[in-house]
Amino acid sequence: MLVVNYRRIDQVLLKMITEELRQKGIDSRLCSDENPDRKPDVDILMTFGGDGTVLRAVRTAIGQGLPILSFRAGSVGFLTSFDMEHFTEALDLLVRGQLIYDRRRLLEIGMGGSPYYVLNDCVIERGTPSRTVSLQVKIEGFDSYHIAGDGVVVSTSTGSTAYSLAAGGPVIDPAASVYCITPISPHNPYVGSMVVSGEKLSTIGVISGKGYPVNVYGDGLCTRELNSGDALTVILSEKGIVLLRKEPLDYVEVLRRKLAFGGRLKNGF
């Protein structure tokens, strides 16, 4: 099944993609990344867009055992495996069974009812109007602590280079079985990120939203609102998704290429 960001893939390119798939003997079905519901008799998800398109496809892949083969038509692209110029090469590797599996564990969010799963992060942050929120974080086996600020980001190791990094969190090896709790603009500058064992359950409660609900986002999508006294839980799930790649991921090379990681400053230092 093809999950397509139509804002980045025009009809001419899409026609070329489907024609090349047909020539390789691969049947394809189209859907938008806005509604990537699974169709019957699907063996693989192919995404065409950026990291957001991959994230939209994750909820289709979860629990179905469907690997994701992703093609970059976006900007940064930490999750996507191939540039569009390597589309033919990727298809040849797929047909020959020479792509490797890069398995990523998901974060499980408990908010009552069925758990919600994300690949990158869960964000609990102030809503509208914009006001400071007070949260309590309780990590299994540890004392609880308070965060007063704009909210908190709970990221997987995969999502450590997304919102968490922008909020001051660490870069984490995506193979590490951990998650990270990072405050967003905390009033207390000494409340920093906490990298937590994936086996520990953490509870994040809303102490006060100043009379307004707090928004919860899963991989960028607003999933629900929390009010004062409400809480959610997070833990690293045994569930995961598979990203198909040409070769094992050189994470430092990706960071260097995308973020100038380890590069020299202009003065030579």
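Nothing in this text is a laboratory measurement; each read-out follows from the coordinates by a stated rule. All of these numbers come straight from a predicted model, not from anything done at the bench. Quick reminder, even Gly has a Cβ in these numbers, built from the backbone with ideal geometry, and neighbours come from all protein chains shown.
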Sort the following peptides by mean Cβ neighbour count (other Cβ atoms within 10 Å, averaged over residues), highest first: 254-262, 50-58. 50-58, 254-262
With the stretch 192-269 reduced to its Cα atoms and the Debye formula applied, log10 I(q)/I(0) at q = 0.14, 0.25, 0.27 1/Å amounts to -0.83, -1.23, -1.27
If you find the alpha carbon centre of the stretch 193-269 and of the stretch 122-173, how far apart are they in angstrom? 8
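Rank by packing, highest mean first: peptides 152-159, 221-228, with packing defined as the count of other Cβ atoms within 10 Å averaged across residues. Intermediate values should be presented prior to the final figure.
Numbers: 152-159: 26.8, 221-228: 14.9.
So the order, starting with the most tightly packed, is 152-159, 221-228.
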Fully extended, how many nm does the chain gain between Asp41 and Cys222 (0.36 nm per residue separation, minus their Cα-Cα distance)? 62.1 nm
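Output the direction-averaged projected area (hull surface divided by four) of the convex hull of the alpha-carbon atoms of the stretch 2-98, in nm². Show your work: numbers first, answer last.
Working: hull surface 23.5 nm².
Computed as one quarter of the Cα hull surface, the answer is 5.9 nm².
Would you work out if the stretch 106-171 is rounded, prolate or oblate? Take a ≥ b ≥ c from the square roots of the eigenvalues of the alpha-carbon gyration tensor; rounded if a/c is under 1.5, else prolate when a/b is larger than b/c, oblate otherwise. Working shown, then result.
On the way: a/c = 1.28, a/b = 1.13, b/c = 1.14.
It is rounded, given that a/c, with a ≥ b ≥ c, falls under 1.5.
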Calculate, in nm to one decimal, what His86 and Asp143 gain on full extension: separation in residues at 0.36 nm each, minus their alpha carbon distance. 15.5 nm
For a 22 Å ceiling on Cα separation, which of these pairs sit above it: Lys138/Lys200; Lys200/Lys246; Lys15/Lys246? Lys200/Lys246; Lys15/Lys246
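So for the chain: antiparallel DSSP bridges make up what percent, rounded to the nearest 5? Don't skip to the end; give the middle numbers.
Working: 53 of 67 bridges.
Here the antiparallel bridges make up roughly 80 percent for the chain.
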Would you kindly give the portion of the calculated P(r) for the stretch 119-269 that falls above 25 Å, as a percent of all Cα pairs? 32
What's the ranking of 81-93, 9-21 by average number of surrounding C-beta atoms within 10 Å, highest first? 81-93, 9-21
Using alpha carbon coordinates only, what is the Rg to Rh ratio of the stretch 148-216, with Rh defined as the Kirkwood radius? 0.98
Amide H to amide H, which residues 5 or more places from Ser228 or on other chains are under 5 Å from it, using H placed in the peptide plane? Gly209
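Taking N as the number of residues in the chain, what value does Rg over Cα atoms divided by 2.2 N^0.38 Å take? Walk me through the numbers on the way to the answer.
Details: Rg = 19.9 Å, N = 269, 2.2 N^0.38 = 18.4 Å.
It is 1.08.
Using only DSSP helix segments of four residues or longer, with each worth -39500 (n - 2.57), what per-residue ellipticity at 222 nm results for the chain after dividing by its residue count and rounding to 500?
Details: 5 runs with 46 residues, N = 269.
Only helices count here, giving -5000 deg cm²/dmol.
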